Amino acid sequence: MLNRHDGSGFTTGRSTYSDRAPGSAEPTAKIFVKVGVEAIPGPLLAQLDTGAAWSMFDAEIAEAMELLGGDGELTPISTRLGPVVGRLERTDLELLADDGDSLTIQATVWVSPDWRGGNFLGYSGLLQNIRLALDPSDNSFHFGTP
């Protein structure tokens, strides 16, 4: 794991990220990290997106997580696929570690029955609450709590 200059811990877990999502025709590299959610067996890939206002999940994933139909704040967003209306809901997510400790964090996520544009980990409600670092030399995603 990563340490600060004084030797104290900066991160507690590390995982290998993927440059591309399986089956994607996207020509440019992205950062896809492994996330665990209680309702889905095995890891789920989500694109790390510090420019995204919220973390968001495809409707099928949100439905499996029982997040659709909640009473969270109604929130419209503008996406690359056009405007979509959804709700902000709270849920637990786990950043899965290959080395060190996985990190479970309560996050605010945006969900909509109309969203089928991919899974994203965004800044507000999630990334703002963790420490993270990337090492592109070996596709390492380091994470921990502040």
Total residues in the stretch 9-31, condition under 11 Å from S140 (Cα atoms) and in contact with a strand residue (DSSP E or B) (Cβ under 6 Å, 6 or more places away or on another chain)
6
Cβ-Cβ below 7 Å, separation at least six or inter-chain, first residue in the stretch 75-90 and of a type in the set (S, T, N, Q), second open to solvent by less than 30 Å² (accessible area, probe 1.4 Å) and part of a strand (DSSP E or B): which pairs?
T75/G86; T75/L88; T75/W110
State yes or no: is D6 farther than 15 Å from S140 by Cα and surrounded by 14 or more Cβ atoms within 10 Å (Cβ to Cβ)?
no
Members of the stretch 19-38 found to be at pLDDT 95 or above and of a type outside the set (F, W, Y), listed by number:
I31, V33, K34, V35, G36
Within the set of pairs 6+ apart or on separate chains, which have a first residue in the stretch 115-141 that is on the phi > 0 side of the Ramachandran plot, a second that is open to solvent by less than 50 Å² (accessible area, probe 1.4 Å) and in a loop (DSSP other than H, G, I, E, B), and C-beta atoms under 8 Å apart?
G118/A21; G118/D58; N139/Y17
Segments classed as strands (runs of 3 or more DSSP E), wholly inside the stretch 71-146, with at least 2 members that are of a type in the set (S, T, Y)
73-79, 103-111
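The values are calculated or read from the model by the stated rules, or taken from the named source; none is laboratory data. Because the structure is a prediction, the values reported are computed rather than measured. As a convention, Cβ positions derive from the backbone with ideal geometry for all residues, glycine included, and neighbour counts pool all protein chains shown. Ligands, DNA and RNA are excluded from the accessible area calculation, which covers all protein heavy atoms including side chains. Shrake-Rupley method; radii C 1.70, N 1.55, O 1.52, S 1.80 Å.
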